[in-house]
Amino acid sequence: MAELFHGGRADRFWVLCVFLFGQSGLVHEHVGFALTAGGLSDVAAQLPGGPLTDAVRRKRLLVAIGILMTAASAILLALWPNFPIVLVAEILHGATGGIIGPTSAR
């Protein structure tokens with residue numbers, strides 16, 4: 001499940017987001033800004049994600065937290081497709097990469 005959003009299939013998620021956001025009436029600039037913010041939060045989360053993974057003994061707990069963050073992001077995107085919520089959801093989704101990426105690499 002986690003690899004659907006943070007692995008080789010992540011490109012499909014972005015295409016789905018662009019399509020759904022366009023259908024919900026968001027302008028292209030807002031969609032691009034939200035997706036960029038999500039990507040930047042993914043990059044920013046990688047730096048503390050590695051040491052966090054090394055410090056925590058319960059790796060499955062981190063994976064569970066990452067999956068819950070991804071689920072929360074998807075719920076926010078589905079229920080409230082307006083720009084501020086989409087922006088928060090994308091940043092939350094991106095930050096999940098700092099948890100799931102280093103944890104699944106072990």
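Go through segment 57-103 and report how many residues are of a type outside the set (Phe, Trp, Tyr) and over 19 Å from Ala44 (Cβ atoms).
20
For segment 75-106, name all the residues that are out of contact with any Leu (no Cβ under 6 Å at 6 or more places or on another chain), within 23 Å of Gly25 (Cα to Cα) and surrounded by fewer than 15 Cβ atoms within 10 Å (Cβ to Cβ).
Residues satisfying the conditions are Ile75, Ala78, Leu79, Trp80, Asn82, Pro84.
Is segment 38-51 home to any residue that is within 15 Å of Ile85 (Cα to Cα) and modelled with pLDDT of 80 or more?
So the first thing to find is which residues in segment 38-51 are within 15 Å of Ile85 (Cα to Cα), and the list is 38.
Imposing the further condition that a residue be modelled with pLDDT of 80 or more reduces the set to 38.
Yes, there is a match, as at least one residue in segment 38-51 is within 15 Å of Ile85 (Cα to Cα) and modelled with pLDDT of 80 or more.
Considering only residues that are surrounded by fewer than 20 Cβ atoms within 10 Å (Cβ to Cβ) and either among the hydrophobic types (A, V, I, L, M, F, W, C) or in contact (Cβ under 8 Å) with a residue 60 or more places away in the chain (or both), which ones fall in segment 36-47?
If the condition is that a residue be surrounded by fewer than 20 Cβ atoms within 10 Å (Cβ to Cβ) and either among the hydrophobic types (A, V, I, L, M, F, W, C) or in contact (Cβ under 8 Å) with a residue 60 or more places away in the chain (or both), then Ala37, Leu40, Val43, Ala44, Leu47 are the ones that fit.
May I ask you to say which residue of Phe19, Phe33, Phe13 is modelled with pLDDT under 80, over 11 Å from Ile99 (Cα atoms) and either surrounded by 14 or more Cβ atoms within 10 Å (Cβ to Cβ) or of a type in the set (S, T, N, Q) (or both)?
Only one candidate passes the filter, namely Phe13.
The values are calculated or read from the model by the stated rules, or taken from the named source; none is laboratory data. Just so you know, these numbers come straight off a predicted model, no measurement behind them. For neighbour counting, all protein chains shown are included, and Cβ atoms are generated from backbone atoms with ideal geometry for every residue, glycine included.
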